[in-house]
Amino acid sequence: MNKPKVVVTRKQFDSEMDRLRAVSDLTIIESDHLPTQEELKSKVKGAKALFVHINDDINGEIMDAAGDSLKIIGQFGVGYDNVDVDAASERNIAVANTPGVLTETTASFAFTLMQAAARRIAECDRFVRDGKWKYFEPLDLLGYDLSASVLGIIGYGRIGSYLGKIASENNMKVLYYNRSTPEETYGAERIDTMKELLEKSDVVSIHCPFTPETNNLISKKELSYMKKTSTLINTARGPIVNLDDLYDALSNNRIAYAALDVTDPEPINMDHPILKLDNLTILPHIASATVETRRKMSMMTVDNIIEGLNSSLPTYCVNSEKISW
Ligand code: DGY
């Protein structure tokens, strides 16, 4: 019997690809650029499963290009806003993701960015490389202690609340804004409005999913509520923060600092003026990028796909109530 076709949209761990190869006719797209929609459409034809990544726009047209054979889309990541889940459900295609395995890695990375911002790490690195380090200067390049600061977390799910835990263990006062009641608060204080959270926090870290409601959640008005001395951290999704408004806020010292691991678009347009600012640290979407965590994510995506190939709904299916197999 022919093995079902599986398409992986980026190079992945060999061990995990070997597991897939054992049960499928495997295509791995190893291009040196993000596959275009046309390239994706031609590669996915006849696939039963797709192993996809956050920058792939997996819409109804891609699903139709795969055809009726397509049963499972395995997203490498916990966020799956790049996959049109409604379009998948209409076509009886299960969508699965990788929750849990990246919680600690992502939350501790957000804390790392907070520390890097507070101690001006990127700026000081440039200072040395630019030959500006002349002598020990007691009043220069001063940062601030996080332990004396208030952290406001927007979105208190798995990752947000784990950051709350780390921050409170590091003696920060932690506030959070979340629509629903979280499972565990780690002693953080719930704040009823985002405005109040923004006004009270020294550092604001974003941990909500990207949805139509959170598109541009932090724009000019919200930035105007923040303290002039405050820092904004975004490790969630780029479009949650309006990049042009953030540029205005940072360049006019409306807020002091920002650290971004995600942008809109990704990669950021290299002409964007925000890249010229010193009070910004910017990174290429690496919050979950440790060998251990990325391997677990890969393994979980393969597990989801193999379950789907065996006609059981994947354990981490996000649209299970809409699928009838
Ligand atoms: C996710 O999992 O959603 C991250 O953004 C990618 O690791």
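The values are calculated or read from the model by the stated rules, or taken from the named source; none is laboratory data. Only a predicted model underlies this, so the values are computations on that prediction, with no experimental measurement involved. Glycine gets a Cβ as well: all are built from the backbone with ideal geometry, and neighbour counts include every protein chain shown. Ligands, DNA and RNA are excluded from the accessible area calculation, which covers all protein heavy atoms including side chains. Shrake-Rupley method; radii C 1.70, N 1.55, O 1.52, S 1.80 Å.
Look at SER168 and say whether it is surrounded by fewer than 24 Cβ atoms within 10 Å (Cβ to Cβ), of a type in the set (Gly, Ala, Ser) and in contact with a Gly (Cβ under 8 Å, 6 or more places away or on another chain). If you could, list the steps in order and put the result at the bottom.
Working: surrounded by fewer than 24 Cβ atoms within 10 Å (Cβ to Cβ): yes; of a type in the set (Gly, Ala, Ser): yes; in contact with a Gly (Cβ under 8 Å, 6 or more places away or on another chain): yes.
Considered against the rule, which asks whether it is surrounded by fewer than 24 Cβ atoms within 10 Å (Cβ to Cβ), of a type in the set (Gly, Ala, Ser) and in contact with a Gly (Cβ under 8 Å, 6 or more places away or on another chain), SER168 comes out as yes.
Among what's in region 72-119 and is part of a loop (DSSP other than H, G, I, E, B), more than 16 Å from the ligand (Cβ to nearest atom) and in contact with a Leu (Cβ under 8 Å, 6 or more places away or on another chain), pick the residue that is farthest from THR235 (Cα to Cα).
So, considering only residues that are part of a loop (DSSP other than H, G, I, E, B), more than 16 Å from the ligand (Cβ to nearest atom) and in contact with a Leu (Cβ under 8 Å, 6 or more places away or on another chain), the one farthest from THR235 (Cα to Cα) is ARG91.
Within region 275-318, take every residue that is within 30 Å of SER251 (Cβ to Cβ) and among the β-branched types (Val, Ile, Thr) and give me the one that is surrounded by the most Cβ atoms within 10 Å (Cβ to Cβ).
For region 275-318, the residue satisfying everything is THR281.
If a residue counts only when it is over 17 Å from GLY79 (Cα atoms) and within 16 Å of the ligand (Cβ to nearest atom), which helices (runs of 4 or more DSSP H) contained entirely in region 206-325 have at least 1 such residues? Show your work before the answer.
Details: elements: 220-225, 243-251, 291-309.
Where helices (runs of 4 or more DSSP H) fall fully within region 206-325 and carry at least 1 residues being over 17 Å from GLY79 (Cα atoms) and within 16 Å of the ligand (Cβ to nearest atom), they are 291-309.
Scan region 125-145 and tell me whether some residue there is more than 16 Å from the ligand (Cβ to nearest atom), in a loop (DSSP other than H, G, I, E, B), among the basic types (Lys, Arg) and not assigned by TED's automatic domain parsing to the domain that holds LYS227.
In the first step, residues of region 125-145 are kept if they are more than 16 Å from the ligand (Cβ to nearest atom); the result is 125-145.
Adding the requirement that they be in a loop (DSSP other than H, G, I, E, B) leaves 130-145.
With among the basic types (Lys, Arg) added as a condition, the list becomes 132, 134.
From what's left, not assigned by TED's automatic domain parsing to the domain that holds LYS227: none.
No, there is no match, as no residue in region 125-145 is more than 16 Å from the ligand (Cβ to nearest atom), in a loop (DSSP other than H, G, I, E, B), among the basic types (Lys, Arg) and not assigned by TED's automatic domain parsing to the domain that holds LYS227.
Determine, yes or no, whether GLU196 is in a helix (DSSP H, G or I) and open to solvent by less than 80 Å² (accessible area, probe 1.4 Å).
Considered against the rule, which asks whether it is in a helix (DSSP H, G or I) and open to solvent by less than 80 Å² (accessible area, probe 1.4 Å), GLU196 comes out as yes.
Name the residues in region 63-83 that are more than 17 Å from the chain's Cα centre (by Cα) and open to solvent by 10 Å² or more (accessible area, probe 1.4 Å), would you? Talk me through it step by step, then tell me what you get.
Within region 63-83, the first condition is being more than 17 Å from the chain's Cα centre (by Cα), and the residues that meet it are 63-73.
Within region 63-83, ASP64, ALA65, GLY67, ASP68, SER69, LYS71 qualify.
Tell me the residue from LEU232, LEU223, LEU243 that is crowded, with 24+ Cβ neighbours inside 10 Å, assigned by TED's automatic domain parsing to the domain that holds MET194 and at pLDDT 95 or above, please.
On the way: LEU223 fails: crowded, with 24+ Cβ neighbours inside 10 Å; LEU243 fails: crowded, with 24+ Cβ neighbours inside 10 Å.
Being crowded, with 24+ Cβ neighbours inside 10 Å, assigned by TED's automatic domain parsing to the domain that holds MET194 and at pLDDT 95 or above holds for just one of LEU232, LEU223, LEU243, which is LEU232.
I'm trying to understand the selection: among the residues of region 40-62, which are basic (Lys, Arg) and surrounded by fewer than 17 Cβ atoms within 10 Å (Cβ to Cβ)? Even if it seems obvious, please write down each step before you answer.
Filtering region 40-62 down to residues basic (Lys, Arg) leaves 41, 43, 45, 48.
Across region 40-62, the qualifying residues are LYS41, LYS45.
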